[in-house]
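Notes for the one structure printed next.
Every read-out reported here was derived from the displayed coordinates using simple, explicitly stated rules and does not represent laboratory data. Small disclaimer: the values here were computed from a predicted structure and weren't measured. Please note: Cβ atoms are built from the backbone with ideal geometry, for glycine as well, and neighbour counts cover all protein chains shown.
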Amino acid sequence: MKANVNEDTCIGCGLCADTCPEVFVMENSIAKVKVPEVPPEYGDCCREAADECPVEAISID
């Protein structure tokens with residue numbers, strides 16, 4: 001599984017980094033994915049972060 005953040009859509013709320021800090025980090029007020037491949041044990045929190053993103057900036061492949 002891979003997570004992607006659309007940096008043009010991200011509003012920098014930080015919810016994803018709070019929800020799943022193992023996958024997401026805030027850099028210069030924009031969310032970034034910090035792992036190239038989401039480890040299976042973080043799949044649930046990664047999906048939760050994507051579902052809770054208020055602007056739907058996170059996609060999961």
Is the range 41-49 home to any residue that is aliphatic (A, V, I, L, M) and out of contact with any Ser or Thr (no Cβ under 8 Å at 6 or more places or on another chain)?
no
Within the range 35-61, of all residues that are under 11 Å from the mean Cα position of the chain (by Cα) and in a loop (DSSP other than H, G, I, E, B), the one surrounded by the most Cβ atoms within 10 Å (Cβ to Cβ) is CYS53
Hey, does the range 14-34 have a residue that's in contact (Cβ under 8 Å) with a residue 60 or more places away in the chain and surrounded by 12 or more Cβ atoms within 10 Å (Cβ to Cβ)?
no
